[in-house]
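Since the structure comes first, as structure tokens, the remarks are kept for the end.
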Amino acid sequence: MQDCAVRRPSVLVARAVFPEAVQRLRAHFDVEANEADEDWSADELMRRLQGKAGVLLTGTQRIDDALLRACPTLRIAANMTVGHNNFDIAAMDAHGVVGTNTPDVLTETTADFGFALLLAAARRVTESEHYLRVGGWTRWSYDLFAGAEVHGTTLGILGMGRIGQAIARRGAHGFGMRVFYHNRSRLDAAIEADCRATWVDKDTLLRESDHVVLVLPYTPQNHHIIGAAELARMKPTAVLVNLARGGIVDDAALAQALRDRRIAAAGLDVFEGEPAVHPGLLEVPNVVLTPHIASATLRTRRAMVDLAVDNLIAYLTEGRALTPVNHPRQPRP
Ligand code: DGY
């Protein structure tokens, strides 16, 4: 008897995600899911991708020429992150494979966390909590954990995409800050007015800002865009916050600058080579360290995975991705 059943596309979910998201995919596709959340090597990922048309990723698994050559059925890689530096876009274009990310849904949550890190580092929240927990607090004194002011100061934002703008609005409207930003291109006047933000060159931003927040994407051009020379230009009372990606800051140079009190403090959610953290950063007290959780509220993480699922469904059933980061000329059929 002839088999008339139409074969459903197969999809791989490369890391554990909310079970409901996997259920949604199962309504449309044959799904293999890494429910045990095993650490798959690049070779293992390639092996699991044989015969798969789509993959849901958490932003750390690299999609490059070698993988795309080895996985000829793959048509779409859907990140459940806004960052997509795990995609080799040139290779994906050449192989006709679409990549998608999750813009917008995490903007406000991530901007909140930018302020959480800025306030925690400036006001020495984690450092003073540790002191209290180990029994160091025996009496009050006038300068006990006196930190840096945040409200009414000057905020410098490097990278002024959606998250940068949301941080600017919080700074200007919520904390009465003067806001400087630096981006390759200036924003429209209407957006600048809404954010009450002024474009300045990078050196001015580093020199004049009381606090600097990094929210630019990682690209090879942005590698170590903050190193020893840039840290030396910042105010000794300044706080540096990195919400963007590891590799944008030279973590060894930052650890040294914090040890030397070249800047006052830092708040870091991302690290070079994470989950490893530069040992020098673990040794200094004037840094707040968090494990890449800026977008981690349950509601936002659900929205992120839902958008990744929506992208897989829309592309593999209707041929249109909702939030593509590339547009291959000849998409794989
Ligand atoms: C993103 O979406 O790129 C975040 O860094 C992941 O939480």
Filter region 38-67 down to the residues that are charged (D, E, K, R) and within 16 Å of the ligand (Cβ to nearest atom) and list them by number. Arg62
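Condition check: under 21 Å from Leu298 (Cα atoms) and assigned to a loop (DSSP other than H, G, I, E, B). Does Thr110 satisfy that? Outline the logic, then answer.
On the way: under 21 Å from Leu298 (Cα atoms): yes; assigned to a loop (DSSP other than H, G, I, E, B): no.
No, not satisfied.
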For residues in region 275-330 being more than 19 Å from the chain's Cα centre (by Cα) and acidic (Asp, Glu), which is farthest from Arg259 (Cα to Cα)? Glu318
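For region 113-152, give me each residue that is surrounded by 15 or more Cβ atoms within 10 Å (Cβ to Cβ) and assigned to a loop (DSSP other than H, G, I, E, B). It would help to see each step written out before you state the result.
Here is the first cut: in region 113-152, the ones surrounded by 15 or more Cβ atoms within 10 Å (Cβ to Cβ) are 113-128, 131, 147-148, 150.
Result: Arg123, Arg124, Gly147, Ala148, Val150.
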Among the residues of region 205-225, the number that are open to solvent by less than 30 Å² (accessible area, probe 1.4 Å) and farther than 21 Å from Asp250 by Cβ is 0
What do you reckon, is Ala111 touching a residue at least 24 places away in the same chain (Cβ under 8 Å), among the small types (Gly, Ala, Ser) and more than 30 Å from Lys52 (Cβ to Cβ)? yes
Qualifying positions in region 89-112 - surrounded by fewer than 20 Cβ atoms within 10 Å (Cβ to Cβ) and away from the ligand (no atom under 16 Å from the Cβ): Ala90, Ala91, Asp93, Ala94, Gly96
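The values are calculated or read from the model by the stated rules, or taken from the named source; none is laboratory data. Being a predicted model, the structure only gives us computed values, none of them experimental. Glycine gets a Cβ as well: all are built from the backbone with ideal geometry, and neighbour counts include every protein chain shown. Ligands, DNA and RNA are excluded from the accessible area calculation, which covers all protein heavy atoms including side chains. Shrake-Rupley method; radii C 1.70, N 1.55, O 1.52, S 1.80 Å.
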